[in-house]
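The values are calculated or read from the model by the stated rules, or taken from the named source; none is laboratory data. All values derive from a computational prediction rather than experimental measurement. Cβ placement follows ideal geometry from the backbone for every residue including glycine, while neighbour counts extend to all protein chains displayed.
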Amino acid sequence: MATTLHSFMDIFDTKFGESPEAVQLKKIIIPIIQRDYAQGRKRSDVTRVRDRFIESLYNAVTEKPITLDFVYGDIDDEGNMTPLDGQQRLTTLFLLHWYAAKKGNVPEGDYAFLKKFSYETRYSARYFCIDLVDYAPEFKTAISKEIVNQAWFPLDWENDPTISSMLVMLDAIDNKFKNVTDLWEKLKGNCITFYFLPIKDVGLTDELYIKMNSRGKPLTLFEHFKAELEREIRSMDENLANRIMGKIDRDWTDLLWEYRNSGSGSSDDNIIDDEFLRYFKFICDVICYREGKSPLGRSNDEFDLLQQYFSAKCPDAIKNIETMERFLDCWCNIPGYNSPTDFLKSFMANKHETGKILVEPRFNLNIFEDCLHAYSDKIGRIRQFPLNRIVLLYAITTYLQNLDEIAEDDFRRRIRIVNNLIQNSDDEVSDRTDRNRIPAILAETDAIVLTGAIDDSIENNFNVSQLSEEKEKIIFLGDNHDMADTLFELEDHFLLNGQISIVGLENLAYTKRFESLFKCSFDMIDCAMMAIGDYGQVERNKWRYQYGSTYQFAWNELFHKSANSGFENTKNILVSLLATNEEFSDEILKNIVDNYIQECENNSLYPFRYYYIKYREYRPGAYGKMHNNSAVENPYMFLVMQTKSQLSQSSYYPYLKVVSDTHLSKDDMGRRLVFGGEHIICTNNSYLRRKNESNELVEKISIAQNDEGVDIEDRIDVLKNYIKANF
């Protein structure tokens with residue numbers, strides 16, 4: 001008996017076998033040993049498969065006919081066929097034809113063949129199929145509700161998983177096909193067909209039939225995905241399909257087996273389905289970026305991605321399939337390493353190690369495993385595998401796909417360049433639809449990994465300042481090979497993360513001093529730098545200033561080039577501090593600070609820096625932010641901020657807070673002291689006492705200053721003495 005093409009209607013009129021042994025198929029029986037009908041289950045993964053299958057059937061009816069996968073079954077001498085594979089599809093076709101017959105008021109004789117389809121899994125499923133064929137719904141409400149309300153439908157039938165699934169599927173069919181006219185006629189036109197092959201033709205025994213069907217496990221999402229992928233590739237290139245499907249079943253399964261369990265820790269999850277599909281999505285995103293597009297707004301469903309990039313309707317499908325093949329093959333056999341894990345650990349570390357790049361401690365060193373377990377996952381709006389990790393993984397796969405052209409030592413240097421660029425391009429590593437830089441960033445990454453050089457012709461990729469610095473490092477190390485370890489050690493400092501401009505290539509000799517300095521109290525470092533000079537930077541908005549603080553964030557902001565002005569000044573002051581000692585301690589820094597305070601008091605000169613250092617309230621909060629609308633004209637009028645970007649009730653003028661924290665008004669964002677019906681505010685050279693209601697000036701308390709506008713008396717003492725005398 002040969003494989004033949006059939007529709008659900010005509011298969012019941014077909015004879016199978018060579019005469020005179022030919023047997024006409026009289027009935028399709030789902031045997032007791034088969035599992036329940038599953039396509040109507042309400043689980044999210046089943047819903048996705050159901051929706052896609054119904055969509056395919058709808059397209060076959062309304063647009064282009066479809067041929068489904070093979071149906072295998074055994075036909076006995078009496079013409080009864082028991083399907084080995086295809087039960088789910090046959091059941092859905094039974095329900096679709098029933099719906100078309102009832103919706104179209106088809107004569108009973110035309111759909112009588114539906115009575116030849118039967119379930120033997122339970123008596124309830126068997127009798128449901130019989131009663132269903134005889135029932136004519138009114139289509140006034142959901143079909144499932146109509147059926148459940150019929151006298152012939154016992155309440156306990158709802159507990160039968162096959163029946164409950166059929167009811168869900170009937171509602172889904174009605175929702176999709178209710179506006180299709182002449183559905184029955186279109187089905188008669190063989191718009192939906194399948195190949196049927198009796199199992200005895202392929203040598204399957206009854207024992208194997210029982211073994212395969214006794215599992216009772218529904219097909220997984222991945223199995224549906226794999227079948228659709230194979231069908232699409234096979235429609236374009238038979239040999240390519242054989243090669244790819246063979247690799248999925250062998251090479252790529254072996255590759256991913258080490259990483260199974262989807263990061264869930266489940267000991268019984270011995271499949272690689274989720275891992276493959278997550279990496280598949282990574283590959284699809286790479287393809288999308290290489291096309292100059294962003295995945296944002298595009299479907300992230302595996303089947304939609306398959307259709308978009310790997311189906312016959314995609315003009316680049318073959319190229320994309322080969323891309324997928326390379327991105328998976330490259331991890332299978334890495335020369336000199338037993339596994340991807342061994343390879344990745346050879347050049348990645350969570351703290352500085354010679355010959356390795358630095359990866360944030362919050363990230364797994366095994367970036368490949370991370371991708372398999374977290375790609376496309378989100379918690380809220382936060383990606384669990386962020387864009388910077390995508391770029392780094394892409395760089396590594398680029399190397400693995402070009403092992404014959406890149407020496408391993410060259411790769412280690414080049415991946416450090418890429419890593420430095422990634423870590424210092426937070427704003428640039430973006431795929432927003434209005435500013436998608438990832439295509440250019442991947443192109444630049446290719447250039448660096450493949451050639452070791454930065455391609456200046458690629459616009460709008462990584463951070464411009466960091467690109468410039470990396471080019472300088474390439475030239476510098478070309479002439480100073482012996483300084484590589486020192487440079488890399490400085491790059492890996494937790495405050496620098498690859499950007500060393502705040503120290504400079506010309507000051508690499510200060511690397512150990514820098515490390516020693518930032519083992520000290522951040523607050524003492526802040527004061528010591530201020531004792532040398534006002535190292536603050538003004539942000540682009542011209543009113544917000546960046547200083548250090550007791551938190552790392554503020555120093556990261558200071559030490560990484562941005563739109564702030566004053567970076568070079570900060571660098572000069574830092575280098576001047578580094579020049580004072582080979583090693584640093586809090587005591588050494590305190591001496592620098594105390595000497596400055598003493599000098600100011602001896603000379604009766606009190607610039608803003610004096611107050612900043614002497615009074616803790618002057619130094620900003622965690623973010624190191626201060627506010628001043630006109631620092632040149634009013635150098636004392638800095639407002640301390642407690643947030644990253646905006647003024648708040650916690651903001652304050654430090655002069656007022658130092659003098660009387662209890663009278664500081666939060667309603668005015670810390671810009672006045674309130675005493676009953678009056679208040680005091682400060683200006684650059686005075687304090688003003690006013691009435692609350694009328695704002696009438698009561699008294700002006702001047703602060704003595706020299707011709708350069710520098711205080712020659714401590715303004716804190718001035719206000720303290722005044723309040724003591726008047727309130």
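Observations, loosely collected:
- Yes/no for Phe128 being of a type in the set (A, V, I, L, M, F, W, C) and closer than 24 Å to Asn149 by Cα: yes
- Condition met for Lys666 (charged (D, E, K, R), without any contact (Cβ under 8 Å) to a residue 60 or more places away in the chain and farther than 30 Å from Asn602 by Cβ): yes
- Residue, surrounded by the fewest Cβ atoms within 10 Å (Cβ to Cβ), within the range 700-714, restricted to residues that are without any contact (Cβ under 8 Å) to a residue 40 or more places away in the chain and touching a Leu at 6+ places or on another chain (Cβ under 8 Å): Lys700
- Qualifying residue in the range 513-523 (condition: of a type outside the set (S, T, N, Q), within 32 Å of the chain's Cα centre (by Cα) and buried (at least 18 other Cβ atoms within 10 Å of the Cβ)): no
- Per the listing Glu506, Glu582, Glu539, Glu515, the residue uniquely under 21 Å from His627 (Cα atoms), assigned by TED's automatic domain parsing to the domain that holds Tyr611 and charged (D, E, K, R) is Glu539.
- The conditions of being outside the structural domain of Glu353 (by TED's automatic domain parsing), of a type outside the set (Lys, Arg), farther than 27 Å from Glu325 by Cβ and crowded, with 19+ Cβ neighbours inside 10 Å are met by Leu496.
- Residue under evaluation Asp717, criteria (1) at pLDDT 95 or above; (2) crowded, with 18+ Cβ neighbours inside 10 Å, criterion not met: (2)
- If you go through the range 436-495 and keep only what is under 20 Å from Arg290 (Cα atoms), hydrophobic (A, V, I, L, M, F, W, C) and assigned to a helix (DSSP H, G or I), you end up with Ile438, Ala440, Ile441, Leu442, Ala443, Ala447, Ile448, Val449, Leu450.
- The helices (runs of 4 or more DSSP H) found entirely in the range 317-417 that carry 1 or more residues being acidic (Asp, Glu) and either closer than 21 Å to Ile287 by Cα or outside the structural domain of Leu296 (by TED's automatic domain parsing) (or both) are 317-329, 340-345, 367-374.
- Every residue from the range 559-587 that is free of Cβ contacts under 8 Å to residues at least 60 places away in the same chain and of a type in the set (A, V, I, L, M): Ala563, Ile573
- Enumerated helices (runs of 4 or more DSSP H) restricted to the range 198-272, each holding at least 2 residues that are under 24 Å from Glu55 (Cβ atoms) and modelled with pLDDT under 90: 221-236
- Options Asp45, Asp69, Asp74, Asp51: the member that is at pLDDT 85 or above and in the same structural domain as Phe94 (by TED's automatic domain parsing): Asp51
- Sub-7 Å Cβ pairs linking a first residue in the range 140-169 that is in the same structural domain as Ile130 (by TED's automatic domain parsing) and in contact (Cβ under 8 Å) with a residue 60 or more places away in the chain to a second residue that is surrounded by fewer than 12 Cβ atoms within 10 Å (Cβ to Cβ) and basic (Lys, Arg), at least 6 apart or interchain, are Val168/Lys42, ordered by first then second residue.
- Number of the condition not met by Asn420 [criteria: (1) loosely packed, with under 15 Cβ neighbours inside 10 Å; (2) touching a helix residue (DSSP H, G or I) at 6+ places or on another chain (Cβ under 9 Å); (3) among the polar types (S, T, N, Q); (4) part of a helix (DSSP H, G or I)]: (1)
- The residue that is surrounded by the most Cβ atoms within 10 Å (Cβ to Cβ), counting only those in the range 426-440 that are modelled with pLDDT of 95 or more and in contact with a helix residue (DSSP H, G or I) (Cβ under 6 Å, 6 or more places away or on another chain), is Ile438.
- The listed residues are Phe276, Phe343, Phe363, and the only one of them that is of a type in the set (Phe, Trp, Tyr) and under 24 Å from Leu221 (Cα atoms) turns out to be Phe276.
- Checked against the criterion of being buried (at least 20 other Cβ atoms within 10 Å of the Cβ), under 21 Å from Tyr606 (Cβ atoms) and either assigned by TED's automatic domain parsing to the domain that holds Tyr551 or in contact (Cβ under 8 Å) with a residue 12 or more places away in the chain (or both), the candidates Tyr722, Tyr652 yield just one match: Tyr652.
- Any hit, the range 486-493, residues being out of contact with any Asp or Glu (no Cβ under 8 Å at 6 or more places or on another chain), among the polar types (S, T, N, Q) and closer than 27 Å to Asp404 by Cβ: no
- Single residue of Tyr127, Tyr99, Tyr119 found to be more than 26 Å from Gly189 (Cα to Cα) and touching a residue at least 60 places away in the same chain (Cβ under 8 Å): Tyr119
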